């Protein structure tokens, strides 16, 4: 089983994964504030960061992922981004929070 944590902002997206075997991976990609780069590019950058962190550990989808993302300033923002992340099949369980958490 693999868990992922993502810190996504206006300049970069950083992902950290942890396997149940104690393996740790880190990946980085471009920005994921969807107001700045658009929804499609934001989700692509999230996916790229997680895929980079999975090198030699595993593959998508991971078991669970928590995404701390910039630009989620309204309930509508959360719905839009959550829907796109679920549709991208990055994780079996997805938790989307504002990056201030």
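Derivation of every value follows stated rules applied to the coordinates shown; laboratory data play no part. Values in this document were obtained by computation on a predicted structure and should not be read as measured data.
Note on the range 58-101 and the range 1-56: Cα centroid distance 11 Å, given to the nearest whole angstrom. Computed extension gain for residue 39 through residue 89, at 0.36 nm per residue and net of the alpha carbon distance, reaches 16.5 nm.
Note the angle between two axes, namely the Cα long axis of helix 39-53 and the longest principal axis of the Cα atoms of the chain, as a number of degrees from 0 to 90, rounded to the nearest 10. Helix 39-53 sits roughly 20 degrees off the main axis of the chain.
At full extension, residue 97 and residue 20 could sit 25.4 nm farther apart than now, given 0.36 nm per residue minus the alpha carbon distance. The orientation-averaged shadow of the Cα convex hull for the range 2-98, equal to a quarter of the hull surface, comes to 5.0 nm².
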